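So the structure is just underneath, and the comments pick up after that.
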Amino acid sequence: MKIGFIGLGRMGTAMATNLVRAGHDVTVFNRSPGRSASLVVLGAHEAVHLAEACNGSAVISMLANDEAATDITLAKGGVIDHLPKGAIHVSMSTISVELSKRLAQAHAKAGQRYVAAPVFGRPDMAAAAKLFIVAAGDPAAVDACQPLFGALGQKTTVLGTEPSAANLVKLSGNFLLASAIEALGEAVALVGKAGIDPRAYIEFLTSTVFNVPAYKTYGALIAQRKFEPAAFAAALGYKDIRLTLAAAESLRVPMPLGSLLHDRFLRLLAQGGENLDWSAIGGLATQDAGDVQPVSHGQVA
């Protein structure tokens, strides 16, 4: 397929690389220049202007937040102004439910198609084309995107025709991951203060009753207190919890644990930890238990 790819952060670069390697004709665009060199070497085309990435049958966006997605898509000269009628915008960003609804309406008004397809997985999974993709939108548009999803992930789950449903599921999943991080942090603080080796503790848990990827990945980071370099920055985790709570408020669903996580992230950011991995909230419980060492950059206990 002839496609555009917008957003060349760590995740976006890995995803665009896999699309090029899968044989797609990919034109890449990033608002900050200088991130496309490795992709151009592989055979991608570099777009100097956004419009150049919007002249294919689909354009994928992988952006950090609502502000970036709004600017790229809805602002004057954005994706909606340049995408041909009938072409598909595949939003793979983690954005709010409300913005996803706005995008669906704006694309429909412009005669374009819109698919929400946020992903689960850290940059190493993106590089290995092992992402889990949650897609929703017009069935024909989703079907047309399957070759793209096949190049990016190990499994795609289609949730229905309302694109924002995929965004809500993505936010709920990140809420569950953050909840696991907080729980792991509290458990590690408990056993650590009793003199039990946190690394041995995590090894035991993740090889028995909690033999799941999330506990293995985040448990190891918390036990080692190794939160840099960030695969997923704490500032983004905070953003996702805020978006989850906004969706919960609109649906009148109390989420007490979500409110706790909001405050844990806010505390971490107040301590200067916004660029640490979001698993750093799991180190706060150890501080609360009397460890005088703050959650810090690259610290390994």
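Summary of computed values
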read-out: Surface/4 estimate of mean projected area, convex hull on alpha-carbon atoms of the chain, nm²; value: 15.7
read-out: Partners for K226 among aspartates and glutamates (Cα-Cα distance below 12 Å; same-chain residues under 8 apart left out); value: D277
read-out: Of the DSSP H helices in the chain, those whose Cα atoms cover at least 27 Å axially and whose Kyte score averages -0.5 or more; value: 163-193
read-out: Gyration tensor verdict on the range 2-161 (Cα atoms; rounded if a/c is under 1.5, prolate if a/b is larger than b/c, oblate otherwise); value: rounded
read-out: Kirkwood Rh, Cα atoms: Rg over Rh of the range 168-288; value: 0.98
read-out: Cross-link pairs K76/K155; K193/K216; K76/K170; K85/K239 - those with Cα-Cα distance over 26 Å; value: K76/K155; K76/K170; K85/K239
read-out: Alpha-carbon radius of gyration plus Dmax, which is the widest Cα pair, for the range 127-218 in Å; value: 18.0, 58
read-out: Chymotrypsin sites (Phe, Trp or Tyr not before Pro) within the range 227-278, DSSP loop, no more than 15 other Cβ atoms inside 10 Å; value: none
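The numbers here are math on the coordinates, done by the rules we state, and not lab data. It should be emphasised that the depicted structure is a prediction, and the values quoted were computed from it without experimental measurement. For neighbour counting, all protein chains shown are included, and Cβ atoms are generated from backbone atoms with ideal geometry for every residue, glycine included.
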